[in-house]
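Q: Provided herewith is a single structure, encoded as structure tokens, for subsequent inquiry.
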Amino acid sequence: MNFVIIGGGPTGVELARSNCRISRHTLAEIFGTSIPRRRVSFYKGDSRLLAAYPPDLSESAAQQLTDLGVEVRHK
């Protein structure tokens, strides 16, 4: 299962986070131990996530998504 999210604004960041959480918890309940492999890729055109917000918030969001297993790709 592959999910691709386009855009590094608040909606894209929340969608990526929610997708990982749903994949991790809901699919585990449905499939048990045989959870299908999932991959979430995040493509953004700006130099950082949440470009309208302070840089430290952008860095924190990027790190949290990476920790969840989201592949963040820059332009």
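Q: Which strands (runs of 3 or more DSSP E) does the chain wholly contain that include 1 or more residues that are of a type in the set (D, E, K, R)? Working first, answer last.
A: Values: elements: 2-6, 39-43, 70-73.
Because the criterion is at least 1 residues that are of a type in the set (D, E, K, R), the strands (runs of 3 or more DSSP E) in the chain that meet it are 39-43, 70-73.
Q: Follow-up. Considering only residues that are in contact (Cβ under 8 Å) with a residue 12 or more places away in the chain and surrounded by 11 or more Cβ atoms within 10 Å (Cβ to Cβ), which ones fall in region 36-60?
A: Kept after step one, since they are in contact (Cβ under 8 Å) with a residue 12 or more places away in the chain, are these residues of region 36-60: 36-52.
Matches in region 36-60: Arg38, Arg39, Val40, Ser41, Phe42, Tyr43, Lys44, Asp46, Arg48, Leu49, Leu50, Ala51.
Q: Being out of contact with any strand residue (DSSP E or B) (no Cβ under 7 Å at 6 or more places or on another chain) and under 12 Å from Tyr43 (Cβ atoms) is the filter; apply it to region 1-27 and report the residue that is surrounded by the most Cβ atoms within 10 Å (Cβ to Cβ).
A: Ranking the candidates gives Gly8 first.
Read the figures in this text as sums done on the coordinates, not as results from a lab. None of these values were measured; they are calculated from a predicted model. Please note: Cβ atoms are built from the backbone with ideal geometry, for glycine as well, and neighbour counts cover all protein chains shown.
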